[in-house]
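The values are calculated or read from the model by the stated rules, or taken from the named source; none is laboratory data. All figures in this text were calculated on a predicted structure; none of them were measured in a lab. No Cβ is skipped: glycine too gets one built from the backbone with ideal geometry, and neighbour counts run over all protein chains shown.
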Amino acid sequence: MSFLELKGIEKFFGEHRAIKGVDLSIEKGEFIVFVGPSGCGKSTLLRLIAGLEEIDNGQLMLDGREITHAPSSKRDLAMVFQSYALYPHMTVAENMSFALKLAGVDKQVIKEKVERAAEILNLSRYLERTPRALSGGQRQRVAIGRAIVRAPKVFLFDEPLSNLDAALRVQTRVEIAKLHRELGATTIYVTHDQVEAMTMADRVVVLRDGAIEQVGTPLELYDRPQNKFVAQFIGMPQMNMLPVAEFGSYADTLPAAKQAVGGHIGVRPEHVIVTNPGEGQLIATVDFVESLGAESLVYATTPHGVQVVSKQSGRSVVHAGDTIGLKFEQDWMHVFDSEGQIASH
Ligand code: ATP
């Protein structure tokens, strides 16, 4: 049995089945990211694990013990919230030691644990300040410190970076990843940001409409998405999705393309090469070009009105209005059937 096991977990809000029979096995020490669009149920699933919402159906096991209906305080999990949820009138040290104090832990032991956590999180200088006198990033570190001192079996993070500005978000993201490497603690992290998911996770769980679409390492999801939804959710700019019919007779040469009649061929922008008209598999007109310095994005439209993005390193030699050819790298074509499921990679 895995360290943390979710078996057929379900949650209803009134008539609405917000979580639909989720099965998931998490190993000790893994960094798992729940990702998905707004409303897909990722926060609810995390709150069910935390014991902040009641599980309606299914079973939750942690380290061999059933905790499906155990009160939150008896689950040996620590949650870090987006809002930090710090006590404003307490100092950083008091905030971090609060739970241990309640649990009756020896004063000296508390002091050592808080100092150690503060050291790890670069907070030693701020222990006597109140949260008001800290930056957003420092507050978030205090919230993490409060979880660390408890040495829980599992850390739960609910969109912890969404209140930080872009630069601080990147910095804190790196710090959390580093922290995980140092502590090796089992972690579940919720975000709607696929870049956070890709950069932090050992395994990513993609959720949609209360159910799991795919679980895999970041590169498995990127290279071998099981369906159109995952293919287009992971990766920026999105994977191009062309109706098989768009390829005309060329489609016959594609593996499994025949089963995919009525389906789509997905190709990531970096696997679409801009050529002279006639040299590619399709002809298109350039709509506009984005030059990002090190790379360029060429947005083009085929005669049937299908939009395609090509990503190339360096500067683009084509301009809006140009007629171009588009060449799709054969090895990187993903064929999806009419249901949106993968037919062949
Ligand atoms: P976001 O990224 O916007 O936070 P999410 O993926 O975390 O979204 P949840 O907050 O888990 O989504 O919500 C999942 C679904 O359950 C949504 O349809 C939401 O409206 C519904 N829901 C969540 N909490 C409640 C509640 N307390 N009462 C009723 N419905 C709820």
Number of the exception - residue 84 against (1) at pLDDT 95 or above; (2) within 22 Å of the chain's Cα centre (by Cα); (3) away from the ligand (no atom under 14 Å from the Cβ): (1)
I'm trying to understand the selection: among the residues of the range 6-27, which are surrounded by 18 or more Cβ atoms within 10 Å (Cβ to Cβ) and away from the ligand (no atom under 16 Å from the Cβ)? 26
Checking the structure you have, find out if any residue of the range 56-70 is within 16 Å of the ligand (Cβ to nearest atom) and out of contact with any Ser or Thr (no Cβ under 8 Å at 6 or more places or on another chain). yes
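Residue-by-condition table, conditions (1) under 19 Å from the mean Cα position of the chain (by Cα); (2) not small (Gly, Ala, Ser):
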site: 205; (1), (2): yes, yes
site: 208; (1), (2): yes, yes
site: 266; (1), (2): no, no
site: 299; (1), (2): no, yes
Exclusive hit being touching a strand residue (DSSP E or B) at 6+ places or on another chain (Cβ under 9 Å) and surrounded by fewer than 15 Cβ atoms within 10 Å (Cβ to Cβ), set 197, 185, 151: 151
Considering only residues that are over 26 Å from the mean Cα position of the chain (by Cα) and in a loop (DSSP other than H, G, I, E, B), look in the range 268-280 and name the one that is farthest from residue 247 (Cα to Cα). 276
Given the structure, is residue 125 among the basic types (Lys, Arg), more than 16 Å from the ligand (Cβ to nearest atom), in a helix (DSSP H, G or I) and touching a residue at least 24 places away in the same chain (Cβ under 8 Å)? no
Among the residues of the range 213-247, which ones are buried (at least 18 other Cβ atoms within 10 Å of the Cβ) and assigned to a loop (DSSP other than H, G, I, E, B)? 225, 226, 234, 235, 239
Give me the residue from the range 28-46 that is of a type outside the set (Lys, Arg) and in a loop (DSSP other than H, G, I, E, B) and, out of that set, farthest from the ligand (Cβ to nearest atom). 29
Which number in (1) in a helix (DSSP H, G or I); (2) modelled with pLDDT of 95 or more; (3) more than 10 Å from the ligand (Cβ to nearest atom); (4) among the aliphatic types (A, V, I, L, M) marks the one condition that residue 99 misses? (2)
